[in-house]
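Since the structure comes first, as structure tokens, the remarks are kept for the end.
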Amino acid sequence: MHAHQKPSDDLIDTIIVGAGLSGICAAWHLRDKLPDERLEILEARQDLGGTWDLFRYPGVRSDSDMSTLGYGFRPWVGEKAIADGPSIRQYIRETAVESGIMPLIKFGHRLMSADWHTDDQCWVLQVAAEETVCGPCCSSAAMAARSGG
Ligand SMILES: Cc1cc2nc3c(=O)[nH]c(=O)nc-3n(C[C@H](O)[C@H](O)[C@H](O)COP(=O)(O)OP(=O)(O)OC[C@H]3O[C@@H](n4cnc5c(N)ncnc54)[C@H](O)[C@@H]3O)c2cc1C
């Protein structure tokens, strides 16, 4: 769907689910290629990093080298190629901060469902924000789709 076909200016062009390693990567590329599109990231937890924020047991680390697991657009420069969890968490956070992605993340927002509305040509999302489940009144819980998906 092109910008001039949007049913409403309130709609979000793209919503990314999850602010883990992948979500921050997707956001970076979308901002790079489509800087004028409205983008939001829904993150169920209260912080970013996903796996690398959740698992904090002693010795948690990557299995792959970070030149493979890290971002091509922001190469890993840490000393250890097989990195520890806190270093990866920090790497994800610094990437999000430096690239201006942080303000796009809605923490404590869990996607519950996504329904395609053919008439409006958009997805309508049900999002649980902390203890509160948002209903159809939440315009920010709607996603205009591109290329039918
Ligand atoms: C110890 C360990 C080592 C690993 N080593 C490697 C490795 O070397 N190489 C490799 O390729 N992979 C490895 N992995 C797998 C690792 O999970 C991935 O590398 C990568 O971190 C996954 O990132 P992700 O963003 O796709 O998912 P995640 O890190 O799982 O992030 C998903 C995010 O989405 C959020 N989310 C989920 N559902 C919803 C919802 N409905 N609404 C809103 N938010 C939601 C979660 O809260 C989370 O923050 C390892 C995993 C572990 C535990």
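The values are calculated or read from the model by the stated rules, or taken from the named source; none is laboratory data. Just so you know, these numbers come straight off a predicted model, no measurement behind them. Backbone-built Cβ (ideal geometry, glycine too); neighbour counts: all protein chains shown.
Some points to look at:
- Condition check for residue 67 on (1) more than 22 Å from residue 111 (Cβ to Cβ); (2) touching a Lys or Arg at 6+ places or on another chain (Cβ under 8 Å): one failure, at (2).
- The stretch 65-123: number of residues that are part of a loop (DSSP other than H, G, I, E, B) and either surrounded by 13 or more Cβ atoms within 10 Å (Cβ to Cβ) or under 20 Å from the mean Cα position of the chain (by Cα) (or both): 15
- Selected residue (only one of 140, 147 is surrounded by fewer than 16 Cβ atoms within 10 Å (Cβ to Cβ), modelled with pLDDT under 95 and either out of contact with any helix residue (DSSP H, G or I) (no Cβ under 9 Å at 6 or more places or on another chain) or in a helix (DSSP H, G or I) (or both)): 147
- Search result, residues across the stretch 1-57 that are near the ligand (Cβ under 9 Å from one of its atoms), farther than 19 Å from residue 126 by Cβ and either of a type in the set (Asp, Glu) or at pLDDT below 95 (or both): 47, 53
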